[in-house]
Amino acid sequence: MPPVKVLLVGSGGREHALAWKLSRAGDLTELHAAPGNPGIATLGSCHPVRAEDGEGLLTLARALDIDLVVVGPEAPLVAGVADDLRHAGIAVFGPSVAAARIEGSKRFAKEVLRAAGVPTAETFSVARPPCVVKADGLAAGKGVFVCRTQAELDAGLRAASAFGGPLVIEELLEGEEASIHAICDGRHAVALPAAQDFKRVGDGDTGPNTGGMGAYSPFPIDAEELLDLVHRPVLHELAGRGMPFIGTLYAGLMLTDDGPKVLEFNCRFGDPETQVIVPRIDGDLLGLLVAAAVGNLTTTEVPVSDEAAVTVALTAGGYPAANDVGTPIEGIADAEAAGALVFHAGTALQEDRLVTNGGRILNVTAFGESVADARRRAYRACEAISFDGMRYRRDIAADRGLRAAR
Ligand code: AMP
Ligand code: GLY
């Protein structure tokens, strides 16, 4: 492969993890990010262009003579940033606005699933408990309300309606959840290691849903089999509609007693799943992204490390309701010295001092021979870090049997 100059779009923990992996690729010549974050700035050059600013990104990509743009978050994809770049002849890893609707509209995703014959939760026209209420559009993981009682349903309907736009009411599924990611070139899909995410804010899966409080990988399931059941039929359906999906197709699955069913699709890498999946990839991620972007994915299997990985999100005290800005952060170097990777998710530099700047502030990832081992190391590293109001779940990657039983 010829040398590659990459522009990475985004500023979260997912993008820092991608930057970390891409910066180690032999074929990488330069790594740029827009807008990036202080963690990414230690690996490449950050530019003050917003992730949703398609015109700004195109100007930057041209000025830097970029070979590949990798788009991290969903908002710029749903806004059509990949189309702006692709139409200008720049290779992009990330779907078109048409294909990104698989995440941008839950109603569209349901229709595609039905047409492709992929198992998913049933949709209801009338809301009665138990059920799940979802805002149709993007809601940063906060637009879904699982309602077991009438009181929860009343509150869920109110909260989901506050996002504006239509609602989806669906069957409440029970089981263990899995995040299955596939790299796609429009026609072909290759599986990445399976992971599990912890979406609720509180220990024991309590409290409101968040973007994700932590994750681990491997999750014991055959990702390749799931690609045949879920991702490949959806790719085929989208391609048939003239909207080939290029990028990461991430299926959130519920493993029910009746088999796996799709909860949602995302049109990009999961956050924080990426912080455990990507460091476990032994092979050439950059090569995969380039091949997918140019529609020539010939790889059928991605080499993966035997080591397990666990990541824990350190959040602002008020997350997910509120963010925190400007609070000094201490102890990252100590956490790194303990063997962890510390990915910046919501940080900023204020007069050379690292401070909070968001809801999820850092992701602490550690590795081990087993998930339990990686978990111990991740929590030991978390203890080295502090900022006022800092919170994290203490049960990431624990109680896996309990979760299955719920
Ligand atoms: P989504 O954004 O659709 O993945 O929903 C976020 C979270 O809400 C999921 O990870 C599940 O924990 C939960 N959820 C979504 N849909 C359902 C469903 N049909 N049944 C049970 N839980 C669900
Ligand atoms: N971790 C869930 C998401 O990325 O949507």
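For LYS199, the lysines whose Cα falls under 20 Å of its own Cα, not counting residues fewer than eight places away in the same chain, are LYS106, LYS134, LYS142, LYS261.
Projecting label points 7 angstrom from Cα along Cα→Cβ for HIS47 and SER305 puts them 3.1 nm apart.
Taking each residue as 0.36 nm, the span from ALA333 to VAL126 lengthens on full extension beyond its C-alpha to C-alpha distance by 69.2 nm. Our coupling estimate for the range 105-113, obtained by passing each phi through the Karplus curve with A = 6.51, B = -1.76, C = 1.60 and θ = phi - 60°, is 9, 5, 5, 4, 4, 4, 5, 5, 4 Hz, Gly and Pro reported as x. Using R0 = 45 Å, the C-beta based FRET efficiency linking ALA372 and ARG158 works out to 0.65. Rounded to the nearest 500, the 222 nm mean residue ellipticity of the chain from helices alone is -7500 deg cm²/dmol, with -39,500 (n - 2.57) taken per DSSP H run of at least 4 residues. Over the range 268-329, Cα pairs under 8 Å with separation of 6+ residues give a relative contact order of 35 percent. Taking only protein heavy atoms into account and a 1.4 Å probe, give the accessible area per residue of the range 167-274 in Å². Accessible area per residue: 30 Å². Between LYS199 and MET213, the built amide H atoms are under 5 Å apart, and every one of these is 5 or more places off in sequence or on another chain. Largest GNM mean-square fluctuation across ARG101, ARG280, ARG353, computed for the chain with C-alpha springs under 10 Å, falls on ARG353.
Here the relative contact order of the chain, from alpha carbon pairs under 8 Å that lie six or more residues apart, stands at 16 percent. Applying the Karplus relation 6.51 cos²θ - 1.76 cosθ + 1.60 with θ = phi - 60° to the range 150-162 yields 3J(HN,Hα) values of 4, 5, 5, 5, 4, 5, x, 5, 5, 5, 5, 5, 5 Hz, where x marks Gly and Pro.
Annotation for the range 87-118 versus the range 342-382: alpha-carbon center distance of 31 Å. Normalised by the number of residues in the range 270-401, the average gap of Cα pairs under 8 Å and 6 or more apart makes the relative contact order 29 percent.
Amide H to amide H, with H built 1.01 Å from N, THR120 comes under 5 Å of VAL262, counting only residues 5 or more places away or on other chains. Rounded to the nearest Hz, the phi-derived 3J(HN,Hα) couplings of the range 255-264 under the Karplus curve 6.51 cos²θ - 1.76 cosθ + 1.60 (θ = phi - 60°) are 8, 8, 4, 8, x, x, 10, 6, 8, 6, where x marks glycine and proline. Taking amide H atoms as placed 1.01 Å from N in the peptide plane, the amide H of CYS46 lies under 5 Å from those of ALA33, each 5 or more residues away in sequence or on another chain. As a calculated quantity, the FRET efficiency between THR149 and THR256 at R0 = 25 Å, using C-beta atoms, amounts to about 0.75.
The values are calculated or read from the model by the stated rules, or taken from the named source; none is laboratory data. Remember, it's a predicted structure, so these values are computed and weren't measured experimentally. Glycine gets a Cβ as well: all are built from the backbone with ideal geometry, and neighbour counts include every protein chain shown. Protein only, heavy atoms only, side chains kept; ligands, DNA and RNA dropped before computing areas. Shrake-Rupley method; radii C 1.70, N 1.55, O 1.52, S 1.80 Å.
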